[in-house]
Amino acid sequence: MRPETPVPPGLPVPCRDLAFEGVSYAVCEIRTTDYDILLRRADRAGSPYKDLGRLAASEPFDLAMNAGMYHEDFSPVGLHVEDGVEQAPLNLGDAPGNFFLKPNGVFFVDADGTPGVLETNAYAAANIAPRMATQSGPMLVIDGAIHPRFEPNGESRHVRNGVGVTGKTAVFAISHGPVSLGSFARLFRDALGCANALFFDGTISALHDCERYVIGGEYPAGPIVAIKARSSERPPAQ
């Protein structure tokens with residue numbers, strides 16, 4: 001049984017609080033039958049949003065979080081597909097930094113509305129035509145195995161966020177406090193049942209409910225994942 005604590009006031013629907021290995025997380029399980037998962041980076045004039053609050057002022061959503069690495073001009077480091085349109089290509093290169101701590105991977109929603117997380121080369125070979133896709137790194141879990149470069153519980157600890165998938169449900173998680181990459185990966189595999197999971201970011205990780213920052217603050221953000229209920233009315237806050 002998963003160790004859980006009561007949902008804190010103001011945590012956006014459909015999120016819940018979950019404790020794992022001594023760290024508390026906001027976990028948001030998004031069924032694509034009920035919600036649209038969108039990727040955003042810039043407004044219609046091409047100006048980067050730069051943080052979640054600016055997106056909230058431009059486009060309503062139920063929740064949003066930062067969703068991948070970016071350059072100094074807020075352009076994505078890797079693949080970026082919004083509403084079926086590729087704005088940046090898949091990046092197969094090598095360089096320093098978390099993005100290139102291979103294997104890295106892609107979170108996507110395909111043309112049928114099914115979410116997925118695949119290692120980058122597997123994604124390239126799959127010939128997917130995604131509605132949305134964001135490339136980031138490193139992978140946290142690859143076919144049930146923890147990333148081979150992770151220590152079980154390393155000394156590098158930050159607030160972190162990422163995504164995994166179970167069936168037609170995308171599972172987003174963000175820690176309330178510092179956590180190691182090893183423990184964060186085990187959260188997805190052991191507590192959330194995700195055979196594949198992808199790291200989005202650390203330190204600057206944030207969660208917004210379209211009215212306020214629930215976790216984090218006005219940190220820089222390049223790619224942003226936004227979740228919208230398919231019903232005409234937004235779900236009430238818990």
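Give, as residue ranges, the strands (runs of 3 or more DSSP E) completely inside region 25-99 that count at least 3 residues that are not β-branched (Val, Ile, Thr). Walk me through it before giving the result.
Working: elements: 35-40, 63-66, 80-82, 85-88.
So the answer is 35-40, 63-66, 85-88.
Against the conditions (1) without any contact (Cβ under 8 Å) to a residue 40 or more places away in the chain; (2) among the hydrophobic types (A, V, I, L, M, F, W, C); (3) in contact with a strand residue (DSSP E or B) (Cβ under 6 Å, 6 or more places away or on another chain), where does Phe188 fall short? Just the number, please.
The single condition Phe188 does not satisfy is (1).
Inspect all residues belonging to region 224-236 and state whether any of them is on the phi > 0 side of the Ramachandran plot and of a type outside the set (Lys, Arg).
First, pick out the residues of region 224-236 that are on the phi > 0 side of the Ramachandran plot: none.
For region 224-236, residues on the phi > 0 side of the Ramachandran plot and of a type outside the set (Lys, Arg): absent.
Kindly provide the set of residues from region 203-219 that are in contact with a strand residue (DSSP E or B) (Cβ under 8 Å, 6 or more places away or on another chain) and assigned to a loop (DSSP other than H, G, I, E, B), ordered by number. So that I can check it myself, show each step before the final result.
Just the residues of region 203-219 that are in contact with a strand residue (DSSP E or B) (Cβ under 8 Å, 6 or more places away or on another chain), to begin with: 203-210, 213-216, 219.
Once the filter is applied, which keeps residues that are in contact with a strand residue (DSSP E or B) (Cβ under 8 Å, 6 or more places away or on another chain) and assigned to a loop (DSSP other than H, G, I, E, B), region 203-219 yields Thr203, Ile204, Ser205, Ala206, Asp209, Cys210, Gly216, Tyr219.
Being within 17 Å of the chain's Cα centre (by Cα) and either among the charged types (D, E, K, R) or more than 24 Å from Arg44 (Cβ to Cβ) (or both): is that true of Val77 here?
No: the conditions fail for Val77.
Mind telling me which of the residues Val85, Val23, Val27 ends up being surrounded by fewer than 14 Cβ atoms within 10 Å (Cβ to Cβ), over 12 Å from Pro223 (Cβ atoms) and either within 18 Å of the chain's Cα centre (by Cα) or not acidic (Asp, Glu) (or both)?
Values: Val23 fails: surrounded by fewer than 14 Cβ atoms within 10 Å (Cβ to Cβ); Val27 fails: surrounded by fewer than 14 Cβ atoms within 10 Å (Cβ to Cβ).
Within the list Val85, Val23, Val27, the selection yields Val85.
With Ala206, Ala170, Ala185, Ala195 as the choices, which residue is touching a helix residue (DSSP H, G or I) at 6+ places or on another chain (Cβ under 9 Å) and either among the polar types (S, T, N, Q) or buried (at least 19 other Cβ atoms within 10 Å of the Cβ) (or both)? It would help to see each step written out before you state the result.
On the way: Ala170 fails: touching a helix residue (DSSP H, G or I) at 6+ places or on another chain (Cβ under 9 Å); Ala185 fails: touching a helix residue (DSSP H, G or I) at 6+ places or on another chain (Cβ under 9 Å); Ala195 fails: either among the polar types (S, T, N, Q) or buried (at least 19 other Cβ atoms within 10 Å of the Cβ) (or both).
The conditions single out Ala206.
Which residue pairs have Cβ atoms under 7 Å apart, sit 6 or more places apart or on different chains, and have a first residue in region 45-71 that is at positive phi and a second that is outside any loop (DSSP other than H, G, I, E, B) and of a type in the set (S, T, N, Q)?
Correct list of pairs: Gly68/Thr134; Gly68/Gln135; Gly68/Ser136.
Where a number appears in this text, it was derived from the coordinates with a stated rule and is not lab data. Note that this is a predicted model, so its numbers are computed, not measured. Note that each Cβ is placed from the backbone with ideal geometry, even for glycine, and that neighbours are counted across all protein chains shown.
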